[in-house]
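Data first, discussion second: the structure below is written as structure tokens.
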Amino acid sequence: MCIMDKNETPKPSSLEMKPKFEIAYKGKMFEIVTFEGKPGVKFEAAVRAPGVRLIIETEKDGMKALLMTKELRREAGGYDFRLPGGKVFDTLDQLDEHRKSGTDIAGIAQRAAEKEGKEEAGISGGDYQPLEVSKAGASVEWDLHYFKVTGAKFGEQELEEAEQGDIDTIVLSAKEIFEKLSKREIKEGRSADMLWSWLNSNGFIKFER
């Protein structure tokens, strides 16, 4: 291992941070893209349209709580407790057009978050604060845009016909969320990570010697 002297100037990297993608294959949910990551070096990645996830704050049992969903999920082998959310783009074609345009995705993600808040969570109004864009990894591009929602009014879901009967809303207190995370009853790993951070930032995780 080479340890760089603190006064030594770092060598410039040849890694291309904004490469031009070429689509090698396109399915319904994923496309395979190739790009020149470094001069003369081809890389490959699987790309899925980005999504949004909502941390919708409320109260229960005298403490902070979140409006979440209880969903029947094939990959979980049954019901899973999840953060409400959905897609930023409905199709890969829309994602590709956005990529070509070079426009900022932040506003599009915000509108998608508000749409999912109304349809999947059944909320209206409220303040949507962007928290983080979670990355899946280098060879799989599937960004999740997380928003904290405060001051929303709770109402009825407006689910698509195919979703009806599979997704219900549920309010979980911070204590209940801690218990479900500890029992690994929240299966979406990146959302579990955000929920641990939410618990910590609100003072629900303390260490004692």
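The values are calculated or read from the model by the stated rules, or taken from the named source; none is laboratory data. What you see is a predicted model; the values in this text were computed from it and never measured. Cβ atoms come from the backbone with ideal geometry, glycine included; neighbour counts cover every protein chain shown.
List of remarks:
- Scanning segment 100-135 for residues that are surrounded by fewer than 17 Cβ atoms within 10 Å (Cβ to Cβ) and part of a loop (DSSP other than H, G, I, E, B) turns up 102, 103, 104, 125, 135.
- Members of segment 57-99 found to be in a loop (DSSP other than H, G, I, E, B) and touching a residue at least 60 places away in the same chain (Cβ under 8 Å), listed by number: 61, 75, 76, 83, 84
- When residues in segment 161-179 are screened for being surrounded by fewer than 16 Cβ atoms within 10 Å (Cβ to Cβ) and under 15 Å from residue 204 (Cβ atoms), 2 of them pass.
- Residue, farthest from the chain's Cα centre (by Cα), within segment 174-209, restricted to residues that are among the aliphatic types (A, V, I, L, M) and modelled with pLDDT of 95 or more: 174
- Residue 158 meets each of the listed conditions (1) surrounded by 11 or more Cβ atoms within 10 Å (Cβ to Cβ); (2) modelled with pLDDT of 95 or more; (3) outside any strand (DSSP E or B) apart from (2).
- Checking each residue in segment 137-148 for being of a type outside the set (D, E, K, R), assigned to a loop (DSSP other than H, G, I, E, B) and touching a residue at least 24 places away in the same chain (Cβ under 8 Å) picks out 138, 139, 142.
- Residue satisfying all of: in segment 57-74; of a type in the set (A, V, I, L, M) and at pLDDT 95 or above; farthest from residue 125 (Cα to Cα) among these: 63
- Residues that are in contact with a strand residue (DSSP E or B) (Cβ under 6 Å, 6 or more places away or on another chain) and over 17 Å from residue 188 (Cβ atoms), drawn from segment 131-140: 139
- Flag: residue 195 matches the condition of being hydrophobic (A, V, I, L, M, F, W, C), touching a helix residue (DSSP H, G or I) at 6+ places or on another chain (Cβ under 8 Å), closer than 20 Å to residue 79 by Cα and not in a loop (DSSP other than H, G, I, E, B).
- Search result, residues across segment 149-175 that are in contact (Cβ under 8 Å) with a residue 40 or more places away in the chain and of a type in the set (A, V, I, L, M, F, W, C): 149, 152, 154, 159, 167, 170, 171, 172, 174
- The lone exception for residue 201 - which of (1) under 21 Å from residue 78 (Cα atoms); (2) out of contact with any helix residue (DSSP H, G or I) (no Cβ under 9 Å at 6 or more places or on another chain) it fails: (1)
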